[in-house]
1. Going residue by residue through region 18-41, is there one that turns out to be crowded, with 18+ Cβ neighbours inside 10 Å, over 30 Å from G601 (Cα atoms) and in contact with a His (Cβ under 8 Å, 6 or more places away or on another chain)?
2. Which condition from (1) buried (at least 24 other Cβ atoms within 10 Å of the Cβ); (2) of a type in the set (S, T, N, Q); (3) over 30 Å from F146 (Cβ atoms) is the one that T227 breaks?
3. For E59, which of the numbered conditions (1) without any contact (Cβ under 8 Å) to a residue 12 or more places away in the chain; (2) closer than 16 Å to I266 by Cβ fails to hold?
4. Part of a strand (DSSP E or B) and buried (at least 21 other Cβ atoms within 10 Å of the Cβ) - does that describe any residue in region 532-543?
5. Kindly establish whether L305 is aliphatic (A, V, I, L, M), in a helix (DSSP H, G or I) and closer than 23 Å to L407 by Cβ.
6. Among (1) touching a Leu at 6+ places or on another chain (Cβ under 9 Å); (2) buried (at least 22 other Cβ atoms within 10 Å of the Cβ); (3) outside any helix (DSSP H, G or I), which single condition is H171 missing?
7. Checking L365 against (1) at pLDDT 95 or above; (2) over 24 Å from V434 (Cα atoms): exactly one of these is not met. Which one?
8. Could you tell me whether any residue of region 564-580 is touching a Lys or Arg at 6+ places or on another chain (Cβ under 7 Å), assigned to a loop (DSSP other than H, G, I, E, B) and buried (at least 19 other Cβ atoms within 10 Å of the Cβ)?
Amino acid sequence: MTHPRLVEITARVHKRSEKSRAAYLANIQAMRDAGPARPHLSCGNLAHAIAACSEAEKEKMMKEGMVNIGIVSAYNDMLSAHQPYHAKLDEVKNAVINAGGVAQMAGGVPAMCDGVTQGQPGMEMSLFSREVIAMATGIAMSHNVFDGGLLFGICDKIVPGLLIGAIAFGHLPFVFVPAGPMPTGISNGEKAKVRQQFAKGEVGREELLQSESRAYHSPGTCTFYGTANSNQMMLEMMGLQLPGSSFFAPGDGVREALDVAASERIVALSEAKKGVGLAEMVTVESVINGAIGLLATGGSTNHTLHIVAIAAAAGIQLTWRDFADLSEIIPLLARVYPNGTADVNAFHEAGGTPFVIRELLAGGLLHEDVETILGRGLRPFSEMPAVVGGKLTWRLSPDQPGDEMILRKIDKPFQPTGGLAVFNGALGEAVMKVSAVKPEHRFVEAPAIVFEDQDDLLKAYKAGELERDFIAVIRFQGPKSNGMPELHKLTPSLGVLQDKGFKVALVTDGRMSGASGKVPAAIHVTPEAANGGPIARVQHGDMIRLDAENGILELLVDKEEFEKRTPSGGLQTPETFGRNLFSGMRALVGPASGGASVFAGWE
């Protein structure tokens, strides 16, 4: 039986989204009513589309009813997670042909590595790359010769961008194809320790680089539970990726079998032509399932932006208040670094996402009756794949987790509420990855030290000016100001101060990496400073109360005096290293609470 509070929250999202969802579905129906794409093409159109195909493929493409699958890939060599897609393209195309269809590389989308751009100018373009990816996906599918799509993407903004772009073609089915994580290198704890040693000056750059290279060492996704791996969890929770497929390593025999199965699945979905496409899969219920997965596993705070933006693309109006209310009933069932010591490989071995789905379904805390790539119902997504006797099969998750330090049953959670907290108060709305913060650090009341550039905080740290209790306020880091960069490089320095016994916290209208944790950080503050938010009026020495347990972010300053203050104007956003190309997006972008999207809604 579905939890009554979940029913209530879902009903209000439905009601709030009535007009926008109807407008989106009317748009999808118009495309569906137009019928299959290729019969409407002129001979010249079709000849262009198949000119580079083999003669056998051309013959197939000219047959009525033959399905053509468009592949949209985020392959590049800069992202270790996406490097395997280079070889995967031909393998998957052959698997589609063997399944009775034809496949074409429809288009490539850009894919930034936040690990490379962290703390660099490129990070100010990172969030907006989601919109670029969505538009590039739309361009790839705009050729209108496809009956379905396979989406190659894993990491931070790439999965949300691919999904938002595909939702615009929701009359067609789509299946995501993961590539898997790299094998475990050094422990995440050891990696974090060396970073803090570097921040304290105890080791040099050479030792730090050696440590980082042992952590990030081969093709595959980074193994901590950041945004990339939260993406993979979300796709399984939403029924858009094969059950249990996320965390088999590249080159694993099960991974190869899963690629074939994904190819066969998209052909079957495309051949069915039963009016079931992505629009029928991305619904209020499935979007809420994605949010529940985030809360139950302590996933990346970036998804308080991405899930909201994905929902909006499908005409669904999800809010941070919905996240907060869901968090009250969703228990934390997983501890994966930075919420614990284990990495995603250990999480997978302990039962992974299928175990989490099984437990949430048992507790009535997921919507089971949803449309998925496997048909109606989420229950099959509680099963884990394996190759037995040369054949791919799925097995029900075990009754008990493989390791109770990583995964828990629903009646014995790590904590009774979700891994994220939503704040409200005089400074506006904000979010925190509370599952990564020890209980003793979840309440901080201290004077503000205000910065308008993250590098200024690091300079103050190196100068020994932060050896005290304080709350760092870093403003003009929101989407309108400079593209909302992640401020992950601050974590080691703040962590050192916390370890010394100081009460420290961070308040910002920017983001933190999905890998960040330990130090309490109220992020995504909305309204942002560039929109005249209260954070623009904070001054050095103002007392701030951050209470993660109760979702309170208060400024302990006389209200009348505060209102009389002149807001800071911030710093001029540099236009170097390509940032000038995104000035239009900065002007158009909506608030973080609305997904920080530049796309118009469906009202």
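The values are calculated or read from the model by the stated rules, or taken from the named source; none is laboratory data. Quick caveat, the model's predicted, so the values are computed rather than measured. Methodologically, a virtual Cβ is constructed for each residue, glycine included, from the backbone with ideal geometry; neighbour enumeration extends over all protein chains shown.
1. No, region 18-41 contains no residue that is crowded, with 18+ Cβ neighbours inside 10 Å, over 30 Å from G601 (Cα atoms) and in contact with a His (Cβ under 8 Å, 6 or more places away or on another chain).
2. Result: T227 passes all but (3).
3. Only one criterion is unmet by E59, namely (2).
4. The answer is no; no qualifying residue exists.
5. For L305, the condition - aliphatic (A, V, I, L, M), in a helix (DSSP H, G or I) and closer than 23 Å to L407 by Cβ - is not met.
6. (2)
7. Only one criterion in (1) at pLDDT 95 or above; (2) over 24 Å from V434 (Cα atoms) is unmet by L365, namely (2).
8. no
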